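Working notes, structure below.
The values are calculated or read from the model by the stated rules, or taken from the named source; none is laboratory data. Worth saying up front: this structure is predicted, and the values here are computed from it rather than measured. So basically every Cβ, Gly included, is an ideal-geometry build from the backbone, and we count neighbours across all protein chains shown. We work out accessible area using only protein heavy atoms, side chains counted, and drop any ligands, DNA or RNA first. Shrake-Rupley method; radii C 1.70, N 1.55, O 1.52, S 1.80 Å.
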Amino acid sequence: MNNADIITNNLPLFIPLILLEVGLDVAALIHIFRHKNYRMGNRILWVLLTLFLNPLGAILYFIIGRETY
Amino acid sequence: MKSTWFFIRKELLESWRNYHLLIIMIVFVIFGIEGPLMAKLTPDILKMASGSGFSIKMPDPTSIDSWQQYYKNMTQIGIYVLVVIFSGTVSGEVSQGTLVNLVTKGLPRYSVIVAKYIVTYLQWCLAIITSFLISWGYTAYYFPDNKTPNIWLGLWPLLIFGLMFVAITILGSTLSTNNYGGFLISVIVFIGLTLLNLFKDSKRYNPIALVTDNMSLVKGTEKISHIMPAIWITIFSALVIFYLSILLLRRKKL
């Protein structure tokens, strides 16, 4: 049994999980590119974190990275 | 009363606008899916990790594994997620000075604490119950056995523990001047309670029993009457901590 089999065998579990994570990432990316200033870090850092640290990067961005007015 | 209601609406709107509700919902929904998923995948992962050379005998996953994973997430990472998101709820407003206008225009200070408490607890409950239902659905679909007869019984203690822990989060946030202080206070309390659990005699009375005994309640090996003392202590300390935060905010310089 290889990786692809594991995913196709458990599709009902993986589809919502993937949708959620992609949705969260897209929301975070839109927010990152619409704002210039962040509470900490810069744009490149947050884009990289969001893309490569799933789903923690996007969550971290919304909690500590997003500028609050 | 009217002002509390007003502040509750403001808090709900704020939670929606600054993505707190979105984040807590997404994180807990992921946890809800993850429970059954991990239970189902663990044998496969172990099989792949051990290679094809020799085969290890793994018992088939049951609903017990699924719920175990769920309660492990809820009572460990779930608690920290709650604290991380809401640890700045009072201190943030104090440090930004957004409360000054409202209080000088006649908003009673206790309304702030009451509204924040209610809104935080509601959001956390909504997240927990949503993920519980998701986990329940998947578990019933993938593991239709009757090894976990009392699934609801594990959830009630968790929700009651939340009553106290949200109060602690609010108190920590009122005590400190920034996010991190509030976070630290709540985490220290949680770890302190966990350490207290090392003493065998205190187990029945320690509020942490509400988040450690869930599985034995679900499996039916333990009666809820066993942790009844802990439940009463939790409710009582929730009230005390809640009142303390009101007193503290009354004295705090905004």
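For region A:52-69, a tally of residues being part of a helix (DSSP H, G or I) and facing chain B (nearest Cβ under 10 Å) returns 8. Residues in region A:22-46 that are in contact (Cβ under 8 Å) with a residue 24 or more places away in the chain, within 12 Å of chain B (Cβ to nearest Cβ) and either under 22 Å from B:I33 (Cα atoms) or part of a helix (DSSP H, G or I) (or both): A:L24, A:D25, A:A27, A:A28, A:H31.
Taken together, the criteria exclude B:Y110 from residues that are more than 13 Å from chain A (Cβ to nearest Cβ) and over 24 Å from B:K253 (Cβ atoms). So if I check each of B:G154, B:G172, B:G137, B:G182, which one is in contact (Cβ under 8 Å) with a residue 60 or more places away in the chain, among the small types (G, A, S) and over 17 Å from B:F242 (Cβ atoms)? Just a single option satisfies the conditions, and that option is B:G154. Can you tell which of B:D145, B:D213, B:D201 is of a type in the set (D, E) and under 19 Å from the mean Cα position of the chain (by Cα)? Result: B:D213 is the single residue among B:D145, B:D213, B:D201 that is of a type in the set (D, E) and under 19 Å from the mean Cα position of the chain (by Cα). The condition (being free of Cβ contacts under 8 Å to residues at least 24 places away in the same chain, open to solvent by less than 60 Å² (accessible area, probe 1.4 Å), assigned to a helix (DSSP H, G or I) and within 11 Å of chain B (Cβ to nearest Cβ)) is satisfied by just one residue among A:L19, A:L13, A:L49: A:L13.
Tell me yes or no: at least one residue of region B:141-151 is open to solvent by less than 30 Å² (accessible area, probe 1.4 Å), within 14 Å of chain A (Cβ to nearest Cβ) and in a helix (DSSP H, G or I). Looking for residues that are open to solvent by less than 30 Å² (accessible area, probe 1.4 Å), within 14 Å of chain A (Cβ to nearest Cβ) and in a helix (DSSP H, G or I), one finds none in region B:141-151, hence no.
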